[in-house]
Amino acid sequence: MEQEYAELSPSLLRLEQLLDEAGEQSMLLGELDGFLCCLAVGPEPIANSEWWPFDWLTDERGVLRSGSEEIAALIETRLAEINAELAADAYAPLFEVDEDSEEIIWEVWIAGFQQAMLLRFDAWDTLLRETESDARGEAATGLASALMLAQPDTRPDDTAGDEEWAEFDEMHEAMPMVIARTAVLLHALHRPN
């Protein structure tokens, strides 16, 4: 379910380029993917007017800057791709990858997802509290685990033993698959058709 940048489609490579050119305030591609995925799987629909256009694409009046039409179209295309992948039970999150270690940096994706969660905080809060043993509970547990593990202060400290570090490393390494599975579960729960 992981997708490396070498495998990105030309439209995603172009979107990544445009995001880079949009400035320091813009999102990374993986962050945007998490944000868009949250829109697609959320417990309540979110109208485009609630999140679009992003502040980093607007002028001082809040109007979309000239020349932003291409990035808007590419974002819309990616959102449609995410919806199609989720419906086919084949969602492949776009995670950032460390060029040196080739480690998947899923925390960037979950940061984008969390930004979109804030648009429906109460609905997400309710979902995260429902940890029964059904699909909803599995989704809530997967999402809560990702959100918790993404926080820098959840790493074991210097006093932790080998067993605690091994457990943390195992959870951290499993998170890309947990995230993909959780997204599919959330989509099935909230958009069953």
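A few points about this structure:
- Listed by first and then second residue, the pairs linking a residue in segment 146-171 that is more than 24 Å from PHE113 (Cβ to Cβ) to a residue that is assigned to a loop (DSSP other than H, G, I, E, B), with Cβ atoms under 8 Å apart and 6 or more places separating them unless they lie on different chains, are GLU164/PRO156; TRP165/PRO156.
- Hey, ILE82 touching a strand residue (DSSP E or B) at 6+ places or on another chain (Cβ under 6 Å) and aliphatic (A, V, I, L, M) or not: no
- Exactly one residue out of SER49, SER66 is polar (S, T, N, Q), farther than 24 Å from LEU118 by Cβ and over 17 Å from the mean Cα position of the chain (by Cα): that is SER66.
- The sole residue among LEU94, LEU185 that is over 25 Å from PHE54 (Cβ atoms), open to solvent by less than 60 Å² (accessible area, probe 1.4 Å), under 16 Å from the mean Cα position of the chain (by Cα) and at pLDDT 90 or above is LEU185.
- Selection status of THR77, among the hydroxyl-bearing types (Ser, Thr, Tyr) and either under 24 Å from ARG191 (Cβ atoms) or in contact with a Lys or Arg (Cβ under 6 Å, 6 or more places away or on another chain) (or both): yes
- If you go through segment 78-91 and keep only what is open to solvent by less than 50 Å² (accessible area, probe 1.4 Å), over 14 Å from LEU32 (Cβ atoms) and touching a residue at least 12 places away in the same chain (Cβ under 8 Å), you end up with LEU86, TYR91.
- Scanning segment 40-67 for residues that are of a type outside the set (Gly, Ala, Ser) and not in a loop (DSSP other than H, G, I, E, B) yields VAL41, ASN48, GLU50, ASP55, TRP56, LEU57, THR58, LEU64.
- Residue match in segment 19-39 (condition: on the phi > 0 side of the Ramachandran plot and in a loop (DSSP other than H, G, I, E, B)): yes
- Considering segment 29-66, the residues that are free of Cβ contacts under 8 Å to residues at least 12 places away in the same chain and open to solvent by less than 60 Å² (accessible area, probe 1.4 Å) include one that is farthest from VAL184 (Cα to Cα), namely ASP59.
- Segment 121-132 residues that are of a type outside the set (A, V, I, L, M), paired with ones that are in a loop (DSSP other than H, G, I, E, B) (beta carbon under 8 Å, 6 or more apart): TRP124/GLY42; TRP124/PRO43; THR126/PRO43
- Considering residues of segment 97-154 that are assigned to a helix (DSSP H, G or I), closer than 19 Å to LEU36 by Cα and among the β-branched types (Val, Ile, Thr) only, the residue most open to solvent (accessible area, probe 1.4 Å): VAL108
The values are calculated or read from the model by the stated rules, or taken from the named source; none is laboratory data. These numbers come from a predicted model, not from an experiment. Note that we place each Cβ from the backbone using ideal geometry, even for glycine, and neighbour counts take in every protein chain shown. Only protein heavy atoms, including side chains, enter the accessible area calculation; ligands, DNA and RNA are left aside. Shrake-Rupley method; radii C 1.70, N 1.55, O 1.52, S 1.80 Å.
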